[in-house]
1. In the set 125, 166, which member is surrounded by fewer than 18 Cβ atoms within 10 Å (Cβ to Cβ) and modelled with pLDDT of 95 or more?
2. Given the condition touching a strand residue (DSSP E or B) at 6+ places or on another chain (Cβ under 7 Å), more than 12 Å from the ligand (Cβ to nearest atom) and more than 20 Å from residue 183 (Cα to Cα), answer yes or no: does some residue in the stretch 83-102 qualify?
3. Cβ-Cβ below 6 Å, separation at least six or inter-chain, first residue in the stretch 42-61 and surrounded by fewer than 24 Cβ atoms within 10 Å (Cβ to Cβ), second assigned to a helix (DSSP H, G or I): which pairs?
4. Please determine whether any residue of the stretch 305-317 is surrounded by 17 or more Cβ atoms within 10 Å (Cβ to Cβ), over 24 Å from the mean Cα position of the chain (by Cα), part of a helix (DSSP H, G or I) and at pLDDT 95 or above.
5. Being within 16 Å of the ligand (Cβ to nearest atom), more than 30 Å from residue 193 (Cβ to Cβ), under 21 Å from the mean Cα position of the chain (by Cα) and buried (at least 21 other Cβ atoms within 10 Å of the Cβ) is the requirement here; does residue 114 meet it?
6. It is to be established whether one or more residues within the stretch 129-147 are more than 16 Å from the ligand (Cβ to nearest atom), assigned to a helix (DSSP H, G or I), out of contact with any helix residue (DSSP H, G or I) (no Cβ under 9 Å at 6 or more places or on another chain) and under 22 Å from residue 55 (Cα atoms).
7. Can you name every one of the strands (runs of 3 or more DSSP E) wholly within the stretch 175-284 that holds 2 or more residues which are in contact with a helix residue (DSSP H, G or I) (Cβ under 9 Å, 6 or more places away or on another chain) and in the same structural domain as residue 43 (by TED's automatic domain parsing)?
8. Go through (1) over 21 Å from residue 82 (Cβ atoms); (2) touching a strand residue (DSSP E or B) at 6+ places or on another chain (Cβ under 6 Å); (3) in contact (Cβ under 8 Å) with a residue 24 or more places away in the chain and name the single condition residue 274 misses.
Ligand code: SF4
């Protein structure tokens, strides 16, 4: 099995916190879609005839594409890949793009799952983030998606913003629970370099992230999810039983994937590669494939595989397995066992049958613990 990720690098406006690759000029949209169709043909051997279990349109804002543009990509995917009949085919969408007519048109394509970037239900919070949609659009989009026939739905929410009180965060979660959305991704606001938010914080126009508030919101989140029957299968991802996202799980379970479009990453089990993160240069690279300007590539060394495994597995419900670490190299197994003792003693990590998982208090320190378990070459 394998996955396909397609990056659509266009947005209506720039959210203040976002550091993904996108352009707010739609000038190259049709050209980029045509180039993605060509890239499918150019790179279809990358996954070596593996059956495709997941196709994911991310971005950017894939819901900005026309139905004809989406269909042209699907036709080419079907020409070159064997897509499993039960494949999960997800489109990331923003609430302001989701009229009933648009949703019905999406439903007539192979798309069978929507991941909606709601982020918040309060107007002040949405304006702080510079989201393109209103609180009203956030409120109605899940119901509209269901009316159009989408039952596989995922919602993104953001917590820890200066404009979100604890009570409002609880209310955002209650809104999603009332709608019984099967999959929810919740991210803590972070100030990424080279974003508008980083500039506002630097110039005093926005407060820095309040770590205590973020921690409180995370604790509220964990309690509320558990109370409503959601499984935290990764630190930021929650699902009702049976609704884990194949796309997300593929990343954490080392399943190979092909990334198409500007800035998209690919993984074949031994190496990673990443496409050029510039729309004009991407178009040029696709038009002249003989110049090899499309992507950079890195062959993973044993130490990279160990560090990546620690970073991803520890955050998941499947945990980090000693046997897998030892398969990479026995020296990492000995190193891991030595380092992990400290976290076991503090009950930040729990062990069961040589599988290691973060405890609830450990989840609050996930990044720090992973970094301290990393192997650094002398
Ligand atoms: S819509 Fe998504 S990709 Fe576009 S700027 Fe906002 S967060 Fe970033």
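The values are calculated or read from the model by the stated rules, or taken from the named source; none is laboratory data. Quantities reported herein were computed from a predicted structural model and do not represent experimental measurements. Glycine gets a Cβ as well: all are built from the backbone with ideal geometry, and neighbour counts include every protein chain shown.
1. Values: 125 fails: surrounded by fewer than 18 Cβ atoms within 10 Å (Cβ to Cβ).
After applying the criteria, what remains is 166.
2. The answer is yes; a qualifying residue exists.
3. Here the result reads 42/289; 44/80; 53/246, each pair linking the stretch 42-61 to a residue that is assigned to a helix (DSSP H, G or I).
4. No: zero hits.
5. Values: within 16 Å of the ligand (Cβ to nearest atom): yes; more than 30 Å from residue 193 (Cβ to Cβ): yes; under 21 Å from the mean Cα position of the chain (by Cα): yes; buried (at least 21 other Cβ atoms within 10 Å of the Cβ): yes.
Yes, satisfied.
6. yes
7. Values: elements: 183-188, 231-234, 237-239, 257-260, 265-267, 271-275.
The qualifying strands (runs of 3 or more DSSP E) are 183-188, 231-234, 237-239.
8. Checking residue 274 against (1) over 21 Å from residue 82 (Cβ atoms); (2) touching a strand residue (DSSP E or B) at 6+ places or on another chain (Cβ under 6 Å); (3) in contact (Cβ under 8 Å) with a residue 24 or more places away in the chain, the one that fails is (3).
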